[in-house]
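Participant: Structure incoming, see below.
The values are calculated or read from the model by the stated rules, or taken from the named source; none is laboratory data. Not measured: the values here are computed from a predicted model. When we count neighbours, we look across all protein chains shown, and the Cβ atoms used for this are built from the backbone with ideal geometry, even at glycine. Only protein heavy atoms, including side chains, enter the accessible area calculation; ligands, DNA and RNA are left aside. Shrake-Rupley method; radii C 1.70, N 1.55, O 1.52, S 1.80 Å.
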Amino acid sequence: QVQLVESGGGLVQPGGSLRLSCAATRSIFSTYTMAWYRQAPGKQRELVAAVTSGGIINYTGSVKGRFTISRDNDKNTLYLEMNNLKPEDTAVYYCNANTIGYIYWGQGTQVTVSS
């Protein structure tokens, strides 16, 4: 069993920055793909960014050049650095860990971009 605990959400003005963190309760980065998803009101949950166990990174098109996913293997922590935030980035952001036969979700953290 793995627990994922997100933090770092909040209210920010357009153009601002936030860093989300996701702490895993045990070391899993060597075998799991880690990802950030988000879900805006009335919309389906969507993949934002992912990093495989081998370090391959992918971003959804709308966040490329603005968001950066990274991980600290020693701290078992995944990060999402978000810059130049836009109102359309407003959503609940979820941390996800998945491998063959297993998938885990965090509880989510709210990000609101508004003036």
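Participant: From the residues in the range 54-97 that are in a strand (DSSP E or B) and farther than 17 Å from LEU18 by Cβ, which one is most open to solvent (accessible area, probe 1.4 Å)?
Facilitator: Top of the filtered list is ASN58.
Participant: Output the residue which, of all residues in the range 24-39 that are open to solvent by less than 50 Å² (accessible area, probe 1.4 Å) and out of contact with any Asp or Glu (no Cβ under 8 Å at 6 or more places or on another chain), is nearest to LYS75 (Cα to Cα).
Facilitator: ALA24
Participant: Of the conditions (1) modelled with pLDDT of 95 or more; (2) more than 19 Å from SER27 (Cα to Cα); (3) out of contact with any Lys or Arg (no Cβ under 8 Å at 6 or more places or on another chain), SER70 fails just one. Which one is it?
Facilitator: For SER70, the exception is condition (2).
Participant: Moving on to the next point. VAL12 is checked against (1) touching a residue at least 40 places away in the same chain (Cβ under 8 Å); (2) in contact with a helix residue (DSSP H, G or I) (Cβ under 8 Å, 6 or more places away or on another chain); (3) within 13 Å of VAL113 (Cβ to Cβ); (4) β-branched (Val, Ile, Thr) and fails just one. What number does that condition carry?
Facilitator: All conditions pass for VAL12, except number (2).
Participant: Hey, can you tell me all the residues within the range 1-18 that are under 18 Å from GLN107 (Cβ atoms) and open to solvent by 70 Å² or more (accessible area, probe 1.4 Å)?
Facilitator: Of everything in the range 1-18, those that are under 18 Å from GLN107 (Cβ atoms) and open to solvent by 70 Å² or more (accessible area, probe 1.4 Å) turn out to be GLN1, GLN3, VAL5.
Participant: Same structure again: Taking the range 3-53 only, how many residues are polar (S, T, N, Q), assigned to a loop (DSSP other than H, G, I, E, B) and closer than 20 Å to SER70 by Cβ?
Facilitator: Number satisfying all stated conditions: 7.
Participant: Are any residues in the range 103-113 open to solvent by 60 Å² or more (accessible area, probe 1.4 Å) and in contact (Cβ under 8 Å) with a residue 60 or more places away in the chain, and if so, which ones?
Facilitator: Result: TRP105, GLN107, GLN110.
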